[in-house]
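The values are calculated or read from the model by the stated rules, or taken from the named source; none is laboratory data. Only a predicted model underlies this, so the values are computations on that prediction, with no experimental measurement involved. For neighbour counting, all protein chains shown are included, and Cβ atoms are generated from backbone atoms with ideal geometry for every residue, glycine included. These area figures cover heavy atoms from the full protein model, side chains too; ligands, DNA and RNA do not enter into them. Shrake-Rupley method; radii C 1.70, N 1.55, O 1.52, S 1.80 Å.
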Amino acid sequence: MNINVKGINESKTLLKQNIRRSKSTLSTATKILKRPAAAPIMHGEAKKPLIRPSAKPVAQRTGTILTTKSSQNTTGRKVQNDNAPKPSKWDIKGRLAHTHDMLSNVRQQLKESVSKCNELHEQVNTLKANEAIYKTKAEEYETKNKVLNSELKEMKVEMNKAQEQREDLAKRLKESEESFQNATNMLETFKEKCSSQEIILQRHDSVIKDLETRLQNQIEINEELNATKNALQSLVHTMDKDRRVLHNAIQELKGNIRVFCRVRPRTPTELGKAMCAMNFVDECTIEVRKSDGSDVVSCSGKWRGIRQEFSFDKVFPPTAKQETIFEELAMLVQSALEGYNVCVFAYGQTGSGKTYTMEGLPGIETEGMISRTVRHIFQEMKQFQLLGWEYRIEASFLEIYNEHIVDLLDSQSKMHEIRMTDSKGHDLYVSNLKIEEIHSPEELHECLITAQRNRAVAATQSNERSSRSHSVARIKLIGTHQTKEEVSIGNLNLVDLAGSERLKGEESIRTAETKNINKSLANLGNVILALLKKQEHVPYRNSKLTHLLMPSLGGNSKTLMLLNISPLDECYNETLNSLRFASNVNNCKTGNAKRTRTVLQNSIQFN
Ligand SMILES: Nc1ncnc2c1ncn2[C@@H]1O[C@H](COP(=O)(O)OP(=O)(O)OP(=O)(O)O)[C@@H](O)[C@H]1O
């Protein structure tokens, strides 16, 4: 674009120079043309007497004319004339001829000048036409120039933008270059790392190869060990079965129905009260008599004599700890884990220590049979897991009050019925009863607390309710052996029976509650006796309690009656009644065979 503008300007200048040159040529031509007008002067000179023609001035004038740019030829001719010999002064003819020649020359020069002038005119015209053309062109160039200028402006703006973009791009390029540099550096670092990693990898490869070889060896050893393990497992399983059979045989030898007697200590509030005289003859025999030694008369009015001796499977003195009681119970829990049904009854008069035995008090030392049972189950489960057994534990807590079932885990009162799970009546269940799945001893402890709370609420509604109802904690143990595809289901029933004391006279007749208690306790005794005597008919359905516990009382079930007695003298008669009830059960089981007695060193005599 600059070049175009420059071209236009140059053209303009050239045009002006041409015009100027044409003008000067024209003026020169005009001057020359004007000379002929001066010719008369020359002619005037020529009019001077021809005899003395002055050759010099002519030559000078001719020289003046010849100095113009107009013609070279003229110059040539002048030289020719100069070279021609001058006629002598006296040669008028010569001089005339000479003048005539000169005139002819001048004329010739004039002619040439005229034609030159015409030529120049034509040139002037041409130049004028050119000037117009150039003017038009100049205008066009002007317009174009304007357009180009505006374009130039736009282009300058664009150029600025482009410049900015270029700067931006340059900046970005710089940044890119920097990041590229960084990336290159990083790449270098990575390359270095890679090469070191490659070295490590190579080392690892060799280690892996080594390990693979060792693994292969280990796999082979493992396979051998697995085969041995499988053989051992089936051996263990067989041995476990044998152990179960033996354990059961021991339990059966001990008796599927067993009776323990526990005498509780005096409580701090009873310290001033008189106590029965009790002698723990051996670990199975207890001797009781009244503290003052007076005769003892039974409820039926029959004289019993001063000293009363009773034998059981085990007798626990007041010093016996909860832990000691549980040691005996633990064997039955084991049976439940092995798929047997177990029933533990705490029997005794109100305040004899049934609830203490079953539920206990908070604390490791004083916690009762229920909590210990659950803890023991979870401990044993780990051992059973090693043998391939997995267990699920379900728990429910209920109360039988006045021959009605109450769910102790559900605060809402609902109707509960005892129903058969199948037509053969192999198992029973209680409708609408809440059953909790237990995953830890803590969870069962929570259930126990809920049951105690709900029992306490019921107790406020009915005076001495806790003593007048049977409380049953039911724990179901469902074991599965995946590989052997075996299932074992054991039920543990831990029962805190209603107080066994008999109310006298009108009181006993008046209350339906007492009737029901007496009925159910008597029926429990009858059921146990019928089972011991292997009678065809066992009167399970005569009471809710025996009906509910039916699957856990007969067959291969294990039953433990935990007789609780008070050490107080004032409870002597009830103590005797309880001892007789339990003794009946025990005697029936063992017949009249005498036990080998070992007198315990720690037998105590209460005064
Ligand atoms: N072995 C024991 N050692 C210490 N205290 C005991 C023992 N047995 C019972 N007691 C205490 O004797 C009192 C009566 O016991 P508990 O309430 O267990 O009798 P119970 O037979 O369950 O009575 P109820 O039939 O009214 O429920 C409680 O204060 C209890 O803490």
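Brief remarks on what is shown
- Take segment 330-401 with all the other protein chains still there, run a 1.4 Å probe, and you get 34 Å² of accessible area per residue.
- Residues whose placed amide H lies under 5 Å from that of Leu563, excluding near-sequence neighbours: Phe260, Cys261, Arg262, Tyr347
- Segment 110-234 shape via C-alpha gyration tensor axes, a/c threshold 1.5: prolate
- On the basis of the beta-carbon distance and an R0 of 51 Å, Asn118 and Val157 show a calculated FRET efficiency of 0.35.
- Estimated Rh, segment 226-270: Kirkwood, alpha-carbon pairs, angstrom: 14.2 Å
- For segment 134-150, 3J(HN,Hα) computed residue by residue from phi via the Karplus equation (6.51, -1.76, 1.60; θ = phi - 60°) reads 5, 4, 4, 4, 4, 4, 4, 4, 4, 4, 4, 4, 4, 4, 5, 4, 5 Hz, glycine and proline entered as x.
- Debye, to nearest 20: dipole size of segment 374-444, +1 on Lys, Arg Cβ, -1 on Asp, Glu Cβ: 140 debye
- Estimated from the Cβ-Cβ distance and a Förster radius of 35 angstrom, the FRET efficiency linking Lys171 and Thr143 is about 0.30.
- In terms of packing, defined here as the mean over residues of other Cβ atoms within 10 angstrom, the peptides 488-495, 225-232, 338-345, 476-483 line up highest first as 338-345, 488-495, 476-483, 225-232.
- Note on Ile449 and Arg392: the model spin-label points, each 7 Å out from Cα along the C-beta direction, lie 2.7 nm apart.
- Cα gyration tensor category, rounded, prolate or oblate, for segment 167-254 with a/c compared to 1.5: prolate
- Among the listed pairs Lys254/Lys519; Lys135/Lys156; Lys273/Lys321; Lys314/Lys515; Lys254/Lys533, those whose Cα-Cα separation exceeds 27 Å are Lys254/Lys519; Lys135/Lys156; Lys314/Lys515.
- Residues Ile199 and Asn226, FRET efficiency given R0 of 30 Å [Cβ-Cβ distance, rounded to 0.05]: 0.20
- Taken about its Cα centre, segment 104-188 carries a charge dipole of about 740 debye when Lys and Arg each add +1 at the Cβ and Asp and Glu each add -1 at the Cβ.
- In order through segment 512-518: 3J(HN,Hα) via Karplus (6.51 cos²θ - 1.76 cosθ + 1.60), integer Hz, x for Gly, Pro: 5, 4, 5, 4, 4, 5, 4
- Karplus-derived HN-Hα couplings along segment 362-372 (A = 6.51, B = -1.76, C = 1.60, θ = phi - 60°), whole Hz, x at Gly and Pro: x, x, 4, 5, 9, 5, x, 5, 5, 4, 5
- Built amide H within the under 5 Å cut-off of Leu568, gap 5+: Cys276
- Shape of segment 524-571, Cα gyration tensor, a/c cut at 1.5: prolate
- Spin-label pair Glu283/Thr136, simplified geometry with 7 Å Cα→Cβ offset, distance in nm: 14.6 nm
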